[in-house]
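Everything below concerns the one structure shown next.
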Amino acid sequence: MSQNFAIQLENVSKTFGRRRKRVEAVRHLSLEVAAGQVFGFLGPNGAGKSTTIRMMMDLIRPSTGTVLLYGRPVQNNPPLLQKVGALVEGAAFYDFLTGRKNLEVLARTRGCYDPQRGQTLLAQVGMADRADRKVSGYSTGMKQRLGLAAALLHDPDLVILDEPTNGLDPAGIQDVRLFVRDLVEKQGKTVFLSSHMLSEVEQVCDQVGIISNGRLVQTGNVADLLSSQAMIRLEVLPLARALGLLLPKWPTVANGRWLEVQAAREHVPEIVQQLVAAEVQIFQVAVQQQSLEALFLAATGGADA
Ligand SMILES: Nc1ncnc2c1ncn2[C@@H]1O[C@H](COP(=O)(O)OP(=O)(O)OP(=O)(O)O)[C@@H](O)[C@H]1O
Ligand SMILES: [Mg+2]
């Protein structure tokens with residue numbers, strides 16, 4: 001059964017420090033990530049994303065609870081970690097070596113040196129033409145791209161990426177998005193990535209877990225999560241009639257000249273049709289982009305965001 005899960009966290013907690021310096025970075029986190037998908041781990045700064053990822057990689061130990069990868073405990077299990085490639089915060093490289101040489105050194109220590117694979121990966125992360133420059137001259141985004149290539153060197157089944165688009169420009173973010181989808185769709189891998197940007201998670205992930213203040217506050221299918229939270233705004237005349245028409249079916253309030261309808265995006269055609277049939281005039285329709293904050297508030301009931 002558990003073999004279908006790439007990652008399972010069972011009631012995992014992590015506490016740093018003692019007494020007044022005590023920080024509960026991760027609290028009773030249970031989570032299952034099925035293989036063959038992109039799972040987004042979404043949360044604001046300090047939510048506990050990197051701490052969780054470090055525990056998944058056995059870089060730090062949980063205070064309580066268990067981390068399983070492919071059904072087996074990750075603790076003291078180097079062969080299991082062979083199946084994992086990771087980009088954790090601030091990937092470290094030798095500054096005085098070129099990007100290509102850095103990959104070579106890493107590949108040799110992992111016993112998987114293959115110049116052709118290095119070259120392919122460099123091309124995939126858009127670093128082919130900069131691979132022979134020293135890392136000391138790389139920008140943050142270039143180091144991030146090299147970090148992605150490094151995570152993939154040994155062809156892992158599970159790819160764990162901690163804020164992979166950190167430091168990247170919009171084109172770079174798009175590249176990573178395509179790269180990640182490709183890993184799952186064409187290469188059959190599983191990707192777990194963390195982010196504090198809802199838009200990023202929305203565009204690349206199949207499932208999402210929202211972490212706030214060390215707690216997992218919601219998990220689910222990305223599309224469902226967002227659409228259940230959507231707000232459709234309509235500028236209509238006459239307002240009262242439109243309100244009367246929509247209210248029986250959707251929670252709706254009038255706000256100035258606008259109606260604000262809580263409904264999924266898929267309901268826009270139906271709503272518009274209903275209003276037009278009743279000869280309500282529609283001037284504007286907008287589906288409001290949900291902010292991460294709004295999602296947190298909805299997920300936590302406003303108590304823990
Ligand atoms: N080694 C440590 N010692 C003490 N406290 C720590 C340590 N590592 C993390 N923390 C604390 O644990 C909490 C969670 O930190 P973590 O780095 O996991 O958050 P994050 O979600 O990755 O945030 P960001 O988006 O800023 O990267 C924070 O309050 C942080 O200060
Ligand atoms: Mg972090």
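All of the numbers you see were taken from the coordinates with simple rules; none came from a lab. Since the model is a prediction, treat every value here as computed from it, not as a measurement. Quick reminder, even Gly has a Cβ in these numbers, built from the backbone with ideal geometry, and neighbours come from all protein chains shown.
Each residue of the stretch 196-211 was assigned a 3J(HN,Hα) from its phi angle through the Karplus curve 6.51 cos²θ - 1.76 cosθ + 1.60 (θ = phi - 60°); the sequence is 10, 10, 4, 4, 5, 4, 4, 7, 10, 9, 8, 10, 9, x, 9, 10 Hz, with glycine and proline shown as x. Pairs of lysine residues in the stretch 1-143 that meet both criteria, 8 or more places apart or on different chains and Cα atoms under 16 Å apart, total 4.
With a/c under 1.5 counting as rounded, go ahead and sort the stretch 49-165 into rounded, prolate or oblate using the C-alpha gyration tensor (a ≥ b ≥ c being the square roots of the eigenvalues; past the cut-off, prolate if a/b is larger than b/c, else oblate). Verdict is prolate for the stretch 49-165. A cut-off of 5 Å between modelled amide H atoms, ignoring neighbours fewer than 5 places along the same chain, links residue 160 with 85, 86, 87, 192. Sequentially through the stretch 73-89, phi angles give Karplus couplings (6.51, -1.76, 1.60; θ = phi - 60°) of x, 7, 4, 6, 9, x, x, 5, 5, 4, 7, 10, x, 9, 10, 9, 2 Hz, Gly and Pro residues having no value and appearing as x. Near the amide H of residue 7, within less than 5 Å, lie the amide hydrogens of 33, 70, all on another chain or at least 5 residues away, with H placed in the peptide plane. Taking the number of Cβ atoms within 10 Å of each Cβ as an exposure proxy, the fewest-first ranking of 165, 52, 64 is 64, 165, 52. Based on alpha-carbon centroids, what's the gap between the stretch 205-277 and the stretch 96-131 in Å, whole number please? Cα centres, the stretch 205-277 to the stretch 96-131: 47 Å. Rounded to the nearest whole Hz, the Karplus-based 3J(HN,Hα) values (6.51 cos²θ - 1.76 cosθ + 1.60, θ = phi - 60°) of the stretch 14-20 follow the sequence 9, 10, 9, x, 10, 6, 6, with x at glycine and proline.
When the chain is modelled as a GNM with alpha-carbon springs shorter than 10 Å, which of 148, 103, 178 fluctuates the most? Most flexible of the set in this elastic network: 178. For the chain, the mean projected area of the C-alpha convex hull, equal to one quarter of the hull surface, is 19.8 nm².
With contributions of -39500 (n - 2.57) from each DSSP H run of at least four residues, the per-residue ellipticity at 222 nm computed over the chain stands at -9500 deg cm²/dmol. Restricting the stretch 115-186 to trypsin sites (Lys or Arg not before Pro) that sit in a DSSP loop and have at most 15 other Cβ atoms within 10 Å of their own Cβ leaves 133, 186. Taking the DSSP bridge list for the chain and keeping only pairs wholly inside it, about 70 percent are antiparallel. Of 76, 221, 102, which has the largest mean-square fluctuation in a 10 Å C-alpha GNM of the chain? Most flexible of the set in this elastic network: 76. Applying a DSSP loop filter and a limit of 11 other Cβ atoms within 10 Å to the chymotrypsin sites (Phe, Trp or Tyr not before Pro) in the stretch 10-119 leaves 96.
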